[in-house]
1. Given the Cα-Cα distance of A:K254 and A:C36 and 0.36 nm per residue of separation, how much length would full extension add, in nm?
2. Just the accessible area per residue of region A:143-270, please: how many Å² with a 1.4 Å probe?
3. What distance in nm lies between label points placed 7 Å from Cα along the C-beta direction at A:R246 and B:E155?
4. Quick one: compute the contact order of region B:117-275, relative version, from alpha carbon pairs under 8 angstrom and 6+ residues apart, as a percent.
5. Which value results for Rg/Rh of the protein assembly as shown when Rg is the Cα radius of gyration and Rh the Kirkwood radius based on the inverse mean 1/r?
6. Would you mind telling me the share, in percent, of accessible area of chain A contributed by carbon and sulfur at probe 1.4 angstrom?
7. For chain B, what does the relative contact order come out to in percent, with C-alpha contacts under 8 Å and a separation of six or more?
8. Using a 7 Å offset from Cα along the direction of the beta-carbon, what are the separations from B:S25 to the same position in each other copy, nm, ascending?
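The values are calculated or read from the model by the stated rules, or taken from the named source; none is laboratory data. Since the model is a prediction, treat every value here as computed from it, not as a measurement. Note that we place each Cβ from the backbone using ideal geometry, even for glycine, and neighbour counts take in every protein chain shown. Note: areas computed on protein heavy atoms with side chains; ligands, DNA, RNA excluded. Shrake-Rupley method; radii C 1.70, N 1.55, O 1.52, S 1.80 Å.
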Number of protein chains: 2
Amino acid sequence: MTEKSRSYVHGRSEKETTRLFDQASGLGFLLHEGTCYPVGSTILEAGCGVGAQTRLLSRNNPLAHFVSIDISAESLVRAREQVSGEGLTNVTFRQADIGNLPFRQGSFDHVFVCFTLEHIPDPLRALCRLKNVLRPGGTITVIEGDHGSALFYPETIAAHHVIDCLVSLQRQAGGNALIGRELGHFLAEAGFVDITVSPRQTYASPAIPGSSEAVKRIFIAMIEGIREPAIAEGLTSVKDWDQGIRDLYRTTEKDGMFCYTFFKAVGRKEGNDTG
Amino acid sequence: MTEKSRSYVHGRSEKETTRLFDQASGLGFLLHEGTCYPVGSTILEAGCGVGAQTRLLSRNNPLAHFVSIDISAESLVRAREQVSGEGLTNVTFRQADIGNLPFRQGSFDHVFVCFTLEHIPDPLRALCRLKNVLRPGGTITVIEGDHGSALFYPETIAAHHVIDCLVSLQRQAGGNALIGRELGHFLAEAGFVDITVSPRQTYASPAIPGSSEAVKRIFIAMIEGIREPAIAEGLTSVKDWDQGIRDLYRTTEKDGMFCYTFFKAVGRKEGNDTG
């Protein structure tokens, strides 16, 4: 495991893998709606992790071919298992670093990036590199969350505090947990054209069957996953942490509610669309 | 002007009236989408103010009849001018207080409330009173903003500070600028059934023609409208205020962005639908 992969803020536990698949399943339509690749096209999925999104991409676009890369060999093992276990055959996995892509210029018809830029110290440079391996006329799709979008009731300082701990920890690891709001300008600065950004907001309340359960499994579990490093780094105390987590659970009960916004941005590389 | 109407946090200036009509026009589709009343039905619009939403309701439902009430005689003068000036004839205006409704039980087929509960000290009691004048089977539609939903880039403490000043001032006046997130549980507690809540999010950036202009005219103008009382009440200093306003304008320039979420909730009063 490299230093870089070790600093991945969410860790690579079995529990985190389960959370990632829960997230991908629960949010599949919300996030993948509109992502439809032409028959025969080749798509680079940059930062596939354990394959949670890969599975959806592969299923939704059975006649396209995906090259899914990740820096972590450990994650790729899980991704391969997952995808082959479902009998999906249109994905090639490869260990690679976005900072040093082993592909020729213009190799891909499209690029797909989900929950990856948030962990990269220089997302603009990463986008420029991805643009380089994209053919003229091809598109890039970037999906990221933004923890600043969490809106909930009852709202407490303690609940915001535990979310802020993840934001801080992720920043310490070189990432940006508030990157969703920035996708538009990053794509523009990387030179993409025809950029569209669509915020995709979730709304959960105990009155909507399954929605509060999803908040627990996806969002609160993600926050709970950084308890130990947050305490070890001195970002919080056991007491404040536990209070914040209790307050987050409270938003899934009785009169509570929880909203979160993902941002999906699509841009095109200038040139003739030959795909 | 009564004490109660004087405490209206946004004031009743010519500029504020313009802002309210800009808001209604700019957000008309986003907020009114799905609000369609049957031919011949009678709808109570509770808290019509200067008629910014009344105009849209009237235009979109020409064969329904609206009874639009407000506590402020001054606002009603403007509302009447506006609506009659456009040749709209399906609205009856009446000065009335939601706390003391001059209507018999079950008088209305539907109730519509927009940007009103946020100014009322006891929104649950108001909803119960509105339910009382609604016929069994009739619906209530409530639309409110939530200033805690403002998500922007660049994000600064000063920009959040000026928004927080409005939240504080509105709380001092007995209102709640964060009420949007609470509509679901308020409708449930008031005894409405078949409740749906839909967050309606705006996304503005300089890359989307007109969108950043709308943020200036609607949101930033609203914040700027409370400069004097915020300073007078000691909630801010001239320096902090001016910095915050500059920072909000900055979100409408260059690589900036600005998101805001309105909440629209619809509930039904139990009983036979006879409308």
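1. Values: separation 218, 0.36 × 218 = 78.48 nm, distance 3.88 nm.
Residue separation times 0.36 nm, minus the Cα-Cα distance, leaves 74.6 nm.
2. Details: 4930 Å² over 128 residues.
Ligands and nucleic acids excluded, the result is 39 Å² per residue.
3. Label at A:R246, label at B:E155, 2.6 nm between them.
4. Working: 277 pairs, mean separation 70.5, N = 159.
Relative CO of region B:117-275 lands at 44 percent.
5. Numbers: Rg = 25.4 Å, Rh = 25.3 Å.
That ratio is 1.00, to two decimals.
6. Numbers: 5980 of 11540 Å².
Roughly 52 percent of what the probe reaches on chain A is carbon or sulfur.
7. Numbers: 530 pairs, mean separation 61.4, N = 275.
Rounded, it is 22 percent for chain B.
8. 5.0
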